[in-house]
Amino acid sequence: MSFQIFENDFWAINETITKLLKMTNAISVLLIDKAGQLITSTGNISQIDTTSFASLSAADFAATSQLAKLVGENNFNTLFHQGENQNLYIQLIANKVILVVIFDSRTSLGLVRVRIKHATDELNAIILDIMEKIDSNKDNNVIGLDIDFKKQAENELDELFK
Amino acid sequence: MSLINYASREISCKIVYYGPGLGGKTTNIKYIYSKISPNAKGNLISLATELDRTLFFDFLPVNLGNIRGFKTRFHLYTVPGQVYYNASRKLILKSVDGIVFVADSQVERFEDNIDSLQNMLENLQEYNINLSTVPVVLQYNKRDLPNISTVDELERVLNPPKLPSFESVAVQGIGVFETLKAISKLVIRNLS
């Protein structure tokens, strides 16, 4: 089963993270699924290889979750990485996706933390709604990915890997 | 679990290379990276030890291009093969969409292949995944070495379910793309 995101949910997510970006004065905000795939981002990401960033963030989170279990915690829902110039604040949402805020000295950890709490509530509701839709629609084929899509994908694969 | 984003028109799928240590998983990924055209690939990331053994994973994003309006990409991962890195292996398997099991054909590694395959099935079971829900192909690597098991022997022990299997010499690239193409097609067919 795939994690499917439809237009309305996507724009609702974007609105929330854009608001978070503005409220915190952060550099950028990214939303990543737990498999390490970037869902969306906002802010200045021109200096970042977002594909690698998403994969490593998910791995970072997965490893830290296991550390939590080793010390008897169910999970560490929040991670904070402090650098000389830039910092990362990473928050688990609905046990399904990972919110990452990249920020520097133009804002403060306290402000980021407070604003992320608001955004987390909103994103929680959106993600849970998406999961419900996926569950209720699980017997149906994925829209748009019909037999023609699969055939064309196979042709592309033949071409790319020949 | 593949990600299908209808708003940004993107599809991402996760393929994991699994198998015993020093079997050739990273070699597969590095060969793919070296041969694929620059516009179809992202950066290769290796979280390795100082001795170049995989510590956590290798990661290579491959772009398939635009298919019926969807930017489609595969994320290739390897797991660390060494027995004591099971916690990391299990993490990488999470949300997997397709698996390549890279077996080492050398006679002395026969048992290691069996142990690794068993370990993979156990780890999958913890995520409620089994061979009927996720596509798996096998690759019998190092076919150029002198002291190797026959393909029949490997098939008999490692592949009772008759999954697709390929012979390879990953260091020379033989069989690498055939394997990747096979698992990619199965993953696409399995999208739902």
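Return a yes/no flag: does segment A:100-115 have any residue that is closer than 21 Å to residue A:22 by Cα, touching a His at 6+ places or on another chain (Cβ under 9 Å), more than 14 Å from chain B (Cβ to nearest Cβ) and buried (at least 17 other Cβ atoms within 10 Å of the Cβ). No - not one qualifying residue is present in segment A:100-115. Within segment B:97-106, the presence of at least one residue that is more than 27 Å from residue A:160 (Cβ to Cβ), of a type outside the set (A, V, I, L, M, F, W, C) and within 15 Å of the chain's Cα centre (by Cα) is confirmed. Condition check: crowded, with 21+ Cβ neighbours inside 10 Å, in contact with a strand residue (DSSP E or B) (Cβ under 9 Å, 6 or more places away or on another chain), part of a helix (DSSP H, G or I) and modelled with pLDDT of 95 or more. Does residue A:17 satisfy that? It is true that residue A:17 is crowded, with 21+ Cβ neighbours inside 10 Å, in contact with a strand residue (DSSP E or B) (Cβ under 9 Å, 6 or more places away or on another chain), part of a helix (DSSP H, G or I) and modelled with pLDDT of 95 or more. So, in segment B:26-53, exactly how many residues are within 12 Å of chain A (Cβ to nearest Cβ) and in a helix (DSSP H, G or I)? So the answer is 5.
I need every pair where a residue in segment A:145-161 that is more than 9 Å from residue B:68 (Cα to Cα) and within 7 Å of another protein chain (Cβ to nearest Cβ) has its Cβ under 6 Å from the Cβ of a residue that is surrounded by 17 or more Cβ atoms within 10 Å (Cβ to Cβ) and aromatic (Phe, Trp, Tyr), sequence separation at least 6 or different chains. Note: pairs meeting the criteria are A:161/B:177. Residues in segment A:90-122 that are assigned to a strand (DSSP E or B) and within 19 Å of residue A:35 (Cα to Cα): A:90, A:91, A:92, A:93, A:97, A:98, A:99, A:100, A:101. Can you find a residue that is modelled with pLDDT under 95, within 12 Å of chain B (Cβ to nearest Cβ) and more than 21 Å from residue B:42 (Cβ to Cβ) anywhere in segment A:74-96? Yes, some residue in segment A:74-96 is modelled with pLDDT under 95, within 12 Å of chain B (Cβ to nearest Cβ) and more than 21 Å from residue B:42 (Cβ to Cβ). For residue A:49, the conditions (1) at the interface with chain B (Cβ under 9 Å from one of its Cβ atoms); (2) surrounded by fewer than 17 Cβ atoms within 10 Å (Cβ to Cβ); (3) in contact with a helix residue (DSSP H, G or I) (Cβ under 7 Å, 6 or more places away or on another chain) all hold with the exception of (3). Scanning segment B:54-69 for residues that are surrounded by fewer than 17 Cβ atoms within 10 Å (Cβ to Cβ) and either in contact with a Leu (Cβ under 8 Å, 6 or more places away or on another chain) or among the polar types (S, T, N, Q) (or both), we see that the one that is farthest from the other protein chains (Cβ to nearest Cβ) is B:55.
Hey, does segment B:177-187 have a residue that's more than 12 Å from chain A (Cβ to nearest Cβ) and touching a strand residue (DSSP E or B) at 6+ places or on another chain (Cβ under 6 Å)? No, segment B:177-187 contains no residue that is more than 12 Å from chain A (Cβ to nearest Cβ) and touching a strand residue (DSSP E or B) at 6+ places or on another chain (Cβ under 6 Å). So is residue B:154 over 20 Å from residue B:29 (Cα atoms), crowded, with 16+ Cβ neighbours inside 10 Å and touching a Phe, Trp or Tyr at 6+ places or on another chain (Cβ under 6 Å) or not? When the stated conditions are applied, residue B:154 passes them.
The values are calculated or read from the model by the stated rules, or taken from the named source; none is laboratory data. These numbers come from a predicted model, not from an experiment. Quick reminder, even Gly has a Cβ in these numbers, built from the backbone with ideal geometry, and neighbours come from all protein chains shown.
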